[in-house]
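Below is one structure, written out as C-alpha cells; the observations come after it.
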Amino acid sequence: MPPIRRYLAKFEIGEKAAIDIDPSFHHGFPHHRFQGLTGEVVGVQGRAYKVRVRDGGKYKILIVHPVHLRKVR
C-alpha cells in the first residue's frame, strides 16, 4: 500500500505534476502510456484531479487520483 500522505496530497490549479502510476492502487489509474509525463493540474473532479498533458501535437485531459501524481519542483 502507498503511504497515507500520497492519498491526502493536495494540488493547486496551475501546479505542475508528474504522473507516476502506483500499481497497488487501481482507482483513478491513467493509461500506462502517460507514465512519466508531466502536466498541469487544471481542475478537480471528486477526489481526483484533471491533468492536462501534451501527447504528440495535442493536449489531453486526464482524470488521475492523487496517489498516481507527484509534485514537480
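The values are calculated or read from the model by the stated rules, or taken from the named source; none is laboratory data. Keep in mind it's a predicted model, so treat the numbers as computed, not measured. Cβ: placed from backbone, ideal geometry, glycine included. Neighbour counts: every protein chain shown.
Key figures
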| item | result |
| --- | --- |
| Answer from Val67, Val51 - the residue that is surrounded by 14 or more Cβ atoms within 10 Å (Cβ to Cβ) and in a strand (DSSP E or B) | Val51 |
| Residues within region 1-44 that are among the hydroxyl-bearing types (Ser, Thr, Tyr) and free of Cβ contacts under 8 Å to residues at least 40 places away in the same chain, tallied | 2 |
| The listed residue being over 8 Å from the mean Cα position of the chain (by Cα) and surrounded by 15 or more Cβ atoms within 10 Å (Cβ to Cβ), out of Gly56, Gly43, Gly28, Gly36 | Gly28 |
| Some residue of region 38-46 being among the hydrophobic types (A, V, I, L, M, F, W, C) and under 18 Å from Met1 (Cβ atoms) | no |
| Qualifying residues in region 3-14 (those that are in a loop (DSSP other than H, G, I, E, B) and surrounded by fewer than 14 Cβ atoms within 10 Å (Cβ to Cβ)) - the one modelled with the lowest pLDDT | Pro3 |
| Close pairs from region 45-68: first under 16 Å from Phe11 (Cα atoms), partner polar (S, T, N, Q), Cβ under 8 Å, at least 6 apart | Val53/Thr38; Ile63/Gln45 |
| Whichever residue in region 20-51 is closer than 14 Å to Val67 by Cα and of a type in the set (Lys, Arg) and, among such residues, is modelled with the lowest pLDDT | Arg47 |
